[in-house]
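Since the structure comes first, as structure tokens, the remarks are kept for the end.
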Amino acid sequence: MILAGDIGGTRTRLALFERAAGKLPMVSDSEYPSREHAGLDEIVSQFLSEHAAQIDSACFGVAGPVLHGRVSTPNLPWLIDVRTIEKLLDIDAVWLINDLEAHAYSIAGLGPEDLKQVNPKAGTSADAEVGNAALIAPGTGLGEAGLHWDGTRHVPFASEGGHADFAPRGELEIELLRYLTQKFKRVSYERILSGPGLVNLYSFLRDTRKEEEPAWLREELQQAPDVAQVITRNALAAKSAICEHALEIFVEILGAEAGNAALRFMATAGVFIGGGIPAKILPKIQEPAFMEAFLAKGRLRAMLERIPVNVVLHGKSGLIGAACCAQFNWQRLQNSSPQQSQFAHSTP
């Protein structure tokens with residue numbers, strides 16, 4: 001059995017995968033609220049008490065920079081060390097990787113039903129040019145990862161691109177940058193393209209009086225455990241102008257940063273939009289503003305027009321990717337030569 005984990009600032013998901021005839025079917029999985037636990041080892045111990053299994057390898061995708069098998073999570077007060085997990089599981093084959101790197105590992109195993117192509121000028125990923133790919137994923141934070149094409153397979157690698165400096169594209173976004181600079185001193189894309197980022201956009205529109213906040217909405221937000229969810233729901237239902245405007249800005253900046261990722265990673269094989277938010281706001285992403293922001297790269301517009309842009313619809317891609325990573329590395333330890341064609345092999 002493989003133990004796979006997807007550790008985010010809001011939720012931690014763990015699952016068991018079985019090696020079966022070249023595939024990795026998911027046998028069981030559980031979800032835990034991250035902030036209610038002292039650390040990953042506590043959650044793993046609870047999971048093992050609930051799911052008896054003989055585990056020979058494990059991989060955990062963690063939101064944060066993984067250095068030398070350790071990560072201090074930026075959105076949780078946790079320090080995760082791969083050696084602690086190895087002792088807990090009593091095995092040596094444990095890997096700790098960035099959560100977006102884990103999501104990138106899942107791309108090869110996703111089917112057409114797991115993706116929604118939103119670039120009308122491009123074909124599907126199967127029709128795409130051979131080359132690198134990129135993944136951008138707004139959720140509790142903003143993650144970005146690349147997939148390097150080495151001539152035979154895509155090799156996922158992590159980045160911390162979500163923490164790169166926000167670059168405004170017009171007067172409204174310049175005002176937004178000034179507003180957020182007063183609040184945070186330094187403004188990264190994650191301050192905008194995340195759940196808390198959507199709340200920042202809403203606050204900007206309210207505090208600069210670009211939109212009015214109705215009394216009923218103010219009351220609803222004050223009572224809501226998840227403010228971003230309330231903003232999103234009212235925006236999609238067209239119940240509030242300020243919520244709609246905040247989500248429109250979010251979607252345009254997401255499109256622009258997805259286009260930036262295409263350029264940074266030379267992602268001719270495709271850009272994938274994952275994370276907890278995009279699938280929930282798919283109708284907005286399918287509107288013209290998202291792709292226009294993606295394509296607005298001056299002299300390189302024609303190149304971006306040929307790049308497939310897929311929203312990832314599969315809700316457990318982080319777990320699938322962690323399991324794929326564990327399987328790949330475990331095979332390497334067994335002196336195997338795993339083969340992985342461009343977005344072609346079958347996983348769960």
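The values are calculated or read from the model by the stated rules, or taken from the named source; none is laboratory data. Given the structure is predicted, the values throughout are model-derived calculations rather than measurements. As a convention, Cβ positions derive from the backbone with ideal geometry for all residues, glycine included, and neighbour counts pool all protein chains shown. To get the accessible areas, we keep the full protein, side chains included, count just its heavy atoms, and leave off ligands, DNA and RNA. Shrake-Rupley method; radii C 1.70, N 1.55, O 1.52, S 1.80 Å.
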Dipole of the range 150-195 [Lys/Arg +1, Asp/Glu -1 at C-beta], most positive-end residue of ALA164, LEU193, TYR179: TYR179
Dipole in debye (nearest 20) - the range 57-131, about Cα centre, beta carbon charges: Lys, Arg +1; Asp, Glu -1: 220
Taking all pairs of distinct alpha-carbon atoms in the range 66-127, Kirkwood radius in angstrom: 14.7
Phi to ³J(HN,Hα) by Karplus 6.51 cos²θ - 1.76 cosθ + 1.60 over the range 169-183, Hz, x for Gly, Pro: 10, x, 4, 4, 6, 5, 4, 4, 4, 4, 4, 6, 5, 4, 7
Prolate/oblate/rounded label for the range 203-348 (Cα gyration tensor, a/c 1.5): oblate
Computed helical MRE - 222 nm, the chain, DSSP H runs ≥ 4 contributing -39500 (n - 2.57), nearest 500: -11500 deg cm²/dmol
Antiparallel DSSP beta bridges within the chain, as percent of all bridges there, nearest 5: 65
Dipole-positive endmost among ILE2, GLN46, ALA215 within the chain (Cβ charges, Cα centre): ALA215
Cα-centred dipole magnitude for the range 170-214, charges only on beta-carbon of K, R (+1) and D, E (-1), debye, nearest 20: 280
Inter-part distance where the range 193-223 and the range 158-184 are each reduced to a Cα centre, Å: 18
Placed amide H near VAL66: partners under 5 Å, 5+ positions off or other chain: ASN98
The chain, relative contact order [Cα under 8 Å, separation at least 6], %: 24
Residue-normalised accessible area of the chain, given per residue in Å² at a 1.4 Å probe: 45
Magnitude of the charge dipole, the chain, Cβ model with Lys/Arg +1 and Asp/Glu -1, debye to 20: 620
Relative contact order [Cα under 8 Å, 6+ residues apart], the range 131-245, whole percent: 18
Accessible area of the range 1-64 belonging to carbon and sulfur atoms, whole % at 1.4 Å probe: 46
Backbone HN-Hα couplings from phi across the range 201-207 [Karplus 6.51/-1.76/1.60, Hz, Gly and Pro as x]: 5, 4, 4, 4, 5, 6, 6
Placed amide H near SER57: partners under 5 Å, 5+ positions off or other chain: LEU3
Ratio of Rg to Rh over the range 166-238 (Cα coordinates, Kirkwood Rh, two decimals): 0.97
Proximal lysines to LYS183, defined as alpha-carbon separation beneath 19 angstrom and excluding residues fewer than eight positions away on the same chain: LYS210
Leading residue at positive end of dipole, the chain (Cβ point charges), from PHE204, ALA15, CYS324: PHE204
Phi-based couplings in Hz for the range 221-232 (Karplus 6.51, -1.76, 1.60; Gly and Pro marked x): 5, 5, 9, 7, x, 10, 5, 4, 5, 5, 4, 4
Helix 241-264 axis, angle to the chain major axis (alpha carbon atoms, nearest 10°): 50
Under 5 Å, built H, 5+ apart or other chain: amide partners of ASN75: none
